[in-house]
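**Student:** Before I ask anything, let me first share the structure, which is written out below as structure tokens.
The values are calculated or read from the model by the stated rules, or taken from the named source; none is laboratory data. Source: prediction; values computed, not measured. Please note: Cβ atoms are built from the backbone with ideal geometry, for glycine as well, and neighbour counts cover all protein chains shown. When the accessible area is computed, the model is the full protein with side chains, heavy atoms only, and any ligands, DNA or RNA have been set aside. Shrake-Rupley method; radii C 1.70, N 1.55, O 1.52, S 1.80 Å.
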Amino acid sequence: MNLSATLILAFGMSMDAFAASIGKGAALHQPRFSEALRTGLIFGVIETITPLIGWSIGQFATQFVVSWNTWIAFILLAFLGGRMIAEGLRGKNSECQPVHRHGFWLLVMTAIATSLDAMAIGVSLAFLQVNILQTALMIGMATLIMSTAGIMVGRFIGPILGKRAEILGGVVLIGIGCNILYSSLA
């Protein structure tokens, strides 16, 4: 795989994380760049690790990973999206403090759910002559950039949408999960 193909793959793999980050950024109250960078780092590190795991698994159990990864991603994204929708619909007191930062484990779970496709790509890369470490690092860097940008885009969308931002974020996550499932079944 040449450099341009690797870059296209890297940014293609980061699109799910970008969409999820927009929803996360919209749900926050004026997130700072440091929060966007924190989210980008979490998403980027996980997106770097998952193709390596997929590549390793691809050496042994390709059929199991390929047949189940879309269902796992769908279930995780539907659960996280449903949770965001429920939080958005729940009547919040005006006395509640606005959320300035997402919890670490919530971000990790979202990152894992959006990076399972990168694990599947890692499985397929096991059968090609590629430098998996370089490819995984490029995917991780693209995800870091796109997730950080997604939070900042969400910062501007959030005030426009108000309380509906978290609901929209949940719908986006569920939509990503459905798209992953649909594309694997089609």
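**Student:** Can you pull the one-decimal nm distance between simple spin-label points at Gln30 and Leu106, each 7 Å off the Cα toward Cβ?
**Tutor:** According to this spin-label approximation, the distance is 2.0 nm.
**Student:** Trypsin sites (Lys or Arg not before Pro), restricted to segment 147-186: which are DSSP loop and have at most 16 other Cβ atoms within 10 Å?
**Tutor:** Lys163
**Student:** For the chain, what is the relative contact order in percent, using Cα pairs closer than 8 Å and at least 6 residues apart in sequence?
**Tutor:** Computed over the chain, the figure is 51 percent.
**Student:** Still on this model: Between Cys178 and Ile8, what's the calculated FRET efficiency when r is the beta-carbon distance and R0 is 30 Å? Round to 0.05.
**Tutor:** Working from the Cβ atoms, E equals 0.80.
**Student:** Moving on. How much area per residue is accessible in the chain when the probe is 1.4 Å and only protein heavy atoms are counted (Å²)?
**Tutor:** Here the per-residue accessible area is 52 Å².
**Student:** When the accessible area of the chain is split by element with a 1.4 Å probe, what percent falls to carbon and sulfur?
**Tutor:** Of all accessible area on the chain, carbon and sulfur atoms account for 70 percent.
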